[in-house]
Structure formats: C-alpha cells, structure tokens
Amino acid sequence: MYKRVMVPLDGSDVSESIIPQVVSVTKPSNATVVLFQAHAPIEPSIREVMGEDIAVKLDTVTREEAQGYLDKIAGDLANQGIKAEIVLGKGKASDAIIQYATTHAVDLIIMATHGRSGISRWAFGSVAEKVLRQSPVPVLLGPVAGTRA
C-alpha cells in the first residue's frame, strides 16, 4: 500500500496526461498525492544583467503561477476524493525530484515521459530517465499517448 505518491508536473499537457493513472493507483490505497513542480533559480550572470529587483519579481511570478497551476490540479483530485499536497521545489527538476523523494517518505513516483528520442533527447535530456535511474524509490512512468515507453 502506498501512503505518499509523488507526481512531478511541469505545467504541460504531457505531464498532466499521467493523472488518470495517479487516480487509479492512489484511490484504492487512500494515498496522499504530492504534486511537485521544480524551478531552477535564475543564473547569477542573467540576474546581474536583468537586475536583482526584476529577477526577484520574475521568481515571485513564476512561483505564484506554479502554485495556481498545482492548486487547480489538487482541486480536481479533491473532487475525486483524493488528498493532495503541493510542493514547489528549487533546482534542476530531476535533482529536486530525487532529493524530495529521498527526504520526505515518498513511496512511489508517478510521472509521464515526454517521449523524446534521438537528437531532442540528447539535447534536452530526459528528466524521467534520470529520475528512473537515480531514484531510491520505485518510479512508474507513463508514456505519452501514441508513443512507447
């Protein structure tokens, strides 16, 4: 039985496509869903160019948008009888996901894969692949419709 299931979301339709599987896994066990979104800090050199005031405002707006987005998903889950927590992490997505799962008693990570291959996978990397390879807890990956995991 799962008690805490982490669901990393990046705001895309692709990442949200995993929600039906999240409901299927968590509802029978009455698990709490941890909706997670990570944000990398603005690079110091870019902060210097834009100015600290603007960088702070940009960070604030980004976090507020993420909070609103995750609040909506949490509300949708609550309407289905599923408890959800919201966590806004800092840092590179894969690292932040693994760090949180390691230190916060997460039993399972469920996430969608963007289905990249070839050059785009090499250029952008795969957060899902990095989490799958480095996570200390089980990871359930769901493919994008029309792709293979």
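Bear in mind that the values in this text are calculations on the coordinates, not laboratory data. All values reported here derive from a predicted model rather than from experimental measurement.
So the values come out like this:
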{"item": "Given 57/130; 27/92; 27/83, the pairs whose alpha carbons are separated by over 20 Å", "result": "57/130; 27/92"}
{"item": "Cα-based convex hull volume of the chain per residue, rounded to whole Å³", "result": "119"}
